[in-house]
Amino acid sequence: MVSEADTREELINPKLMECGWKTGDNVIVRREYPISKGKIIGMNARAPKLSADYVLIYKNVKLAVVEAKKSSRSYTDGVAQAKQYAELLNIRFTYATNGIDIYQIDMETGKECQVDKYPTPEELWQMTYQQDNKVFNLLSAIPSKTDGLFELRYYQENAINAVIKALSEGKNRILLTLATGTGKTCIAFQIVWKLMQAKWNIKNIGDRLPRILFLADRNILADQAFNAFQAFPVNSLARITPADIRKNGRVPDAQSIFFTIFQTFMSGEKPYFGQYPKDFFDFVIIDECHRGGANDESNWREILNYFNSAVHLGLTATPKRKDNVDTYKYFGEPVYTYSLKQGINDGFLTPFRVRNLSTNFDKYQYNPSDDIDGEIDTEKTYNDNEVFIVDKELERVKKFMDEINQNDKTLVFCATQTHAGLIRDMINQCKTASTNPNYCVRVTADDGERGEMFLRQFQDTSKTIPTVLTTSQKLSTGVDAIQIKNIVLLRPVNSMIEFKQIIGRGTRVCEDKDYFTIYDFVGASHNFEDPQWDGPTEYTGKPSSGNGSKGGQGGNGGNSGNGNGGETPEPKKITKIKLGKGREVKIFDDGTTFYDKDLGKPISAKEFIERLVGQMPNFFKTEEELRQVWLDPITRKTLLKRFAEKGYSKETFKYIQKALQAEDKDVFDVLSYLAEFCNDMMTRAERAGQCKVYVMDNYAARQYAFIEFVLQQYVKEGISELDDERIGKLVNLKYGSPMNALQELGKPDEIRSMFCTFQQYLYKEAA
């Protein structure tokens, strides 16, 4: 039977080539063009990714999609996919074919028909762009600046092309609306790259390089943009700061691309922006433009009005809502929109869950029995964010610290800088996962350079400390920390815009991050639900009833009498799994579902574990075979990789351990137990204790000290600490530096050999 691959090779490719679609001379034919990565669905698994069979490109513009099916199927079977891909890629013409017949769809007019052949590149160009446009032709023909190191995502290309089209149509106020974490700065860079290469300017294209201004409202955003534009010659970039202006006596004007914040331009006896001629800039980019620059009442609007002749491009992560109508009034409707929901469904952003822990504590009247942080007017009635009852705050801290994995990066939003300091101290008092004094730190305006240092360390993926940041307003925008897994709301959120910005702190994708969780103590997630933009809110745990008692009643601080934040714990559901030989295993089922790669659908935890048990003979047949593989880090890694390829990742094993109440056990013991090699599982602590006996007899004292440290980490964290790739980090943790370790333990090969060989004693069969 002829396959789809055969159909492409023998039928479709020749027909495309006959019509001029052969790569070369402004023509590119892309096969298996990637569109989406596939939604993150949990346990390190993704939904199927999307890719177009063919994308036809001419003059650097994507003109058509071709969706292929094998010749034995109807030529219209691919119509739905062809339309979907064309819609996503903003392509007008799309084709479905079985290699024999060709079906054409015009996405703009809705016209559909069978055609005898594909149009040639020039014919398709004329069909798509019936009127010639010098600006569009010039800008679109310039390739994006990627240096072959990466490929722009489809929506980024769509956004760039939408701005080019708007410029070619003579629009001077342009808006892009894309969710936080989708690469707006990257998009801005590529647009500027094309403008610079084409020597586009508002007066005469090709006459001179444009002068471009990048405006933000915070230094961290301006700095990030400045750093992102380093592909341009250094003498073409200017980072405008008050200090540099004072030093030089005036604003810089010899460069081409300028970066500053509104506040800097508004400084000086006479605002600094007035030193430039009104027509100095050709193109002004306003980052996070919803934050006031387009507001009629904002002083910042003076800057935009002054440079009125320039094209203004606004970048925002918030859709049109009542909170930002001024922005949309100024720029008009966005030329391109990419929502948080779309980013999550495409797999470019991380899904989120909400843990609703809100209570109805909203007003407070002083009670002498309450422990209050700070001074208080005993006659005044306070709002929740104006007074902090120590007992109440401590209870909230204990609540989320008990629920989160304390090793996960966490961002806590507090009402004030003082409140952020109080919560920081409480978190450090409650922590159990670390002894480091900087486990939790405060990053606010008052923390200055030290706070900025902590922020940089928090963002550094190679560093685990600090693990938790507390803040008030400072970190709601402009913080890219891809490892954030928890966001805690301890202060009121005043607007939809602010809520979306806060959500955006957690959406970055990184390894071992299936979702992030918002621990909402203030009801913001309910107040600002926006399924059109965010998608449906997924709540985890039982939503709080909000029936807690109000503050001022003996300092209870808004929690009900059960002391559980207004909640009644849900009982765990016990499910039985039948094994061979009449055995049953009881697991705790919390409703988690797993994506089964073979079945291509989500299944229950019970089904998932049963499938694992059934497939074990494919991986090992005896306990001794499993043991021999497991005692060597290299062969163990290979086995775990085979498991992962079948959908059993290290995250799934963590869940299985939890379901079996075996979180303190080794995965080896879990597998042995499920495979019916043993009736009882050893704890990691028991294995470590057994191992030490053999190590003491076979290794020198200095070696024993390191192995003992490794075993401590193993007991605490699990088998990941026994991976050979962990040696470097373990050495640094124990000895502070590789040099110290070499002096103590010998050559790197000797350290590696010791690290690998001692593990045979860890998995030695018990006597």
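The values are calculated or read from the model by the stated rules, or taken from the named source; none is laboratory data. Fair warning: this is a prediction, and the values are worked out from it, not measured in the lab. Glycine gets a Cβ as well: all are built from the backbone with ideal geometry, and neighbour counts include every protein chain shown.
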Of the residues in segment 204-217, those that are more than 18 Å from PHE258 (Cβ to Cβ) and touching a residue at least 24 places away in the same chain (Cβ under 8 Å) come to ILE205
Condition set touching a residue at least 24 places away in the same chain (Cβ under 8 Å) and acidic (Asp, Glu), scope segment 520-541, selection nearest to THR337 (Cα to Cα): answer is ASP534
Test ASP132 against the criterion of being assigned to a strand (DSSP E or B) and acidic (Asp, Glu), and give yes or no. no
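Which residue is nearest to MET754 (Cα to Cα), if the candidates are limited to segment 681-699 and must be of a type in the set (D, E, K, R) and surrounded by 14 or more Cβ atoms within 10 Å (Cβ to Cβ)?
Once the filter is applied, the top-ranked residue is LYS692.
For segment 194-217, how many residues meet the condition of being part of a helix (DSSP H, G or I) and either among the aromatic types (Phe, Trp, Tyr) or touching a Leu at 6+ places or on another chain (Cβ under 8 Å) (or both)? Give the derivation first.
Initially, segment 194-217 is screened for residues part of a helix (DSSP H, G or I), giving 194-198.
When the remaining residues are screened for being either among the aromatic types (Phe, Trp, Tyr) or touching a Leu at 6+ places or on another chain (Cβ under 8 Å) (or both), the result is 194-196, 198.
Residues meeting the conditions: 4.
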Scan segment 72-79 and tell me whether some residue there is outside the structural domain of ASP514 (by TED's automatic domain parsing), of a type in the set (Gly, Ala, Ser) and within 25 Å of the chain's Cα centre (by Cα). no
Only one of (1) out of contact with any Gly (no Cβ under 9 Å at 6 or more places or on another chain); (2) farther than 18 Å from ASP223 by Cβ fails for ARG456. Which number is that? (2)
In segment 93-120, how many residues are closer than 19 Å to ASN26 by Cα and either modelled with pLDDT under 95 or in a loop (DSSP other than H, G, I, E, B) (or both)? 3
Search result, residues across segment 242-275 that are surrounded by 19 or more Cβ atoms within 10 Å (Cβ to Cβ) and within 20 Å of LEU209 (Cβ to Cβ): VAL251, GLN255, SER256, ILE257, PHE258, PHE259, THR260
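Among GLN473, GLN459, GLN406, GLN365, which is in the same structural domain as ARG508 (by TED's automatic domain parsing), polar (S, T, N, Q) and at pLDDT 90 or above?
None of the others qualify; the one that does is GLN406.
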Could you list, in sequence order, the residues of segment 488-502 that are crowded, with 23+ Cβ neighbours inside 10 Å and either under 16 Å from the mean Cα position of the chain (by Cα) or at pLDDT 85 or above (or both)? VAL488, LEU489, LEU490, LYS500
Among (1) outside any loop (DSSP other than H, G, I, E, B); (2) surrounded by fewer than 17 Cβ atoms within 10 Å (Cβ to Cβ); (3) in contact with a Gly (Cβ under 7 Å, 6 or more places away or on another chain), the one test that ILE12 misses: (2)
Based on what the data block shows, is GLN131 under 22 Å from ILE12 (Cβ atoms) and free of Cβ contacts under 8 Å to residues at least 12 places away in the same chain? no
So for segment 18-28 (the condition being closer than 29 Å to ALA159 by Cα, among the charged types (D, E, K, R) and without any contact (Cβ under 8 Å) to a residue 60 or more places away in the chain), does at least one residue qualify? yes
Does SER236 qualify as being surrounded by fewer than 19 Cβ atoms within 10 Å (Cβ to Cβ) and within 20 Å of PHE189 (Cβ to Cβ)? yes
Failed item in (1) under 30 Å from the mean Cα position of the chain (by Cα); (2) crowded, with 21+ Cβ neighbours inside 10 Å; (3) over 19 Å from THR120 (Cα atoms), with PRO48 passing the rest: (2)
For LEU124, state whether it is in contact with a Leu (Cβ under 9 Å, 6 or more places away or on another chain), in the same structural domain as ARG31 (by TED's automatic domain parsing) and within 30 Å of ALA231 (Cα to Cα). no
Looking at GLY548, GLY563, GLY554, GLY523, which one is at pLDDT below 80 and surrounded by 17 or more Cβ atoms within 10 Å (Cβ to Cβ)? GLY548
Tally of residues being crowded, with 18+ Cβ neighbours inside 10 Å and in a loop (DSSP other than H, G, I, E, B) across segment 700-735: 1
Just need a number here: residues in segment 658-695 that are of a type outside the set (Lys, Arg), part of a helix (DSSP H, G or I) and modelled with pLDDT under 85. 1
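Which one is modelled with the lowest pLDDT, of the residues in segment 368-392 that are assigned to a helix (DSSP H, G or I) and either under 25 Å from the mean Cα position of the chain (by Cα) or surrounded by fewer than 21 Cβ atoms within 10 Å (Cβ to Cβ) (or both)?
Residue satisfying both the conditions and the ranking: ASP391.
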Pairs under 6 Å by beta carbon, first residue assigned by TED's automatic domain parsing to the domain that holds PRO334 in segment 150-179, partner of a type in the set (Lys, Arg), six or more apart or different chains? LEU178/LYS184
Out of ILE191, ILE142, ILE160, which single residue is over 20 Å from the mean Cα position of the chain (by Cα), modelled with pLDDT under 95 and either in a loop (DSSP other than H, G, I, E, B) or not basic (Lys, Arg) (or both)? ILE142
Does LEU149 fit the bill of being buried (at least 17 other Cβ atoms within 10 Å of the Cβ) and modelled with pLDDT under 95? no
Kindly evaluate PHE454 against the criterion of being at pLDDT 85 or above, within 27 Å of GLY343 (Cα to Cα) and not in a loop (DSSP other than H, G, I, E, B). no
Residue under evaluation VAL65, criteria (1) more than 25 Å from SER339 (Cβ to Cβ); (2) part of a strand (DSSP E or B), criterion not met: (1)
Give the residue, chosen from ILE285, ILE220, that is in a strand (DSSP E or B) and either touching a residue at least 60 places away in the same chain (Cβ under 8 Å) or within 29 Å of ARG321 (Cα to Cα) (or both). ILE285
Could we say that LYS654 is of a type in the set (D, E, K, R), in a helix (DSSP H, G or I) and within 22 Å of ASN618 (Cα to Cα) here? yes
Quick check on this structure: which one of GLY332, GLY314 is crowded, with 24+ Cβ neighbours inside 10 Å, closer than 21 Å to GLN156 by Cα and among the small types (Gly, Ala, Ser)? GLY314
Residues within segment 415-442 that are in a loop (DSSP other than H, G, I, E, B), touching a Lys or Arg at 6+ places or on another chain (Cβ under 7 Å) and at pLDDT 90 or above, tallied: 1
